[in-house]
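Presented below is the structure to which this report refers.
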Amino acid sequence: MLGNAASLSNFQYLKSMRFAVDSNPSVNLIRAYSAGTLTINDTVLRSSVTVSANRLLPMPALHDASDLRSEHADALLLTDPEIVLLGTGARQVFPASAWSATFLSRSIGFEVMTTAAACRTYNVLAHERRRVTALLIA
């Protein structure tokens, strides 16, 4: 174990390190989620939605993963994502394998999780400036 003085000198950089919030007001971020309600930026939505950095598309007819159709996948592909997140509500529910294959066959990452987890994951990836699109079932 290093002596006390030696170990403290290893952390002197912490005294001068600055942290700054890297935010971009033109990027859609999810501010809140509760069952049936999503707040994206300052917009409160009470329906399912597709969200990417620069696109917000309400999808009121989509109530659960069994409602997913090819047109939903097509709408996601229009955003040119590198990764697609599917938030399926309070429980993780996997869509039909053919629907998932739409993304995997194009080398687009695809993850299924609860909507709360998808909201958190979307925000992290959006802050990293990744090309992420999320389809969130409210």
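The values are calculated or read from the model by the stated rules, or taken from the named source; none is laboratory data. Small disclaimer: the values here were computed from a predicted structure and weren't measured. Neighbour counts are summed over all protein chains in view; Cβ atoms, including those assigned to glycine, are modelled from backbone coordinates with ideal geometry.
Against the condition surrounded by fewer than 17 Cβ atoms within 10 Å (Cβ to Cβ), in contact with a helix residue (DSSP H, G or I) (Cβ under 7 Å, 6 or more places away or on another chain) and closer than 27 Å to Ser26 by Cα, how does Leu57 come out, does it pass? Here the answer is yes, as Leu57 does meet what is asked.
Suppose we filter Thr102, Thr115 for residues that are at pLDDT 95 or above and either farther than 19 Å from Ser47 by Cα or in contact with an Asp or Glu (Cβ under 9 Å, 6 or more places away or on another chain) (or both); which single one remains?
The match here is Thr102.
Screening Thr114, Thr39, Thr50, Thr43 for residues that are touching a residue at least 40 places away in the same chain (Cβ under 8 Å) and not aliphatic (A, V, I, L, M) leaves exactly one candidate, Thr50. The listed residues are Leu77, Leu86, and the only one of them that is farther than 16 Å from Val49 by Cβ and at pLDDT 95 or above turns out to be Leu77. Might you let me know whether the stretch 14-28 holds any residue that is within 30 Å of Arg91 (Cβ to Cβ), within 16 Å of the chain's Cα centre (by Cα) and modelled with pLDDT of 95 or more? Checking the stretch 14-28: at least one residue is within 30 Å of Arg91 (Cβ to Cβ), within 16 Å of the chain's Cα centre (by Cα) and modelled with pLDDT of 95 or more. None of Ala138, Ala118, Ala65, Ala73 is under 10 Å from the mean Cα position of the chain (by Cα), surrounded by 18 or more Cβ atoms within 10 Å (Cβ to Cβ) and of a type in the set (A, V, I, L, M, F, W, C) except Ala118.
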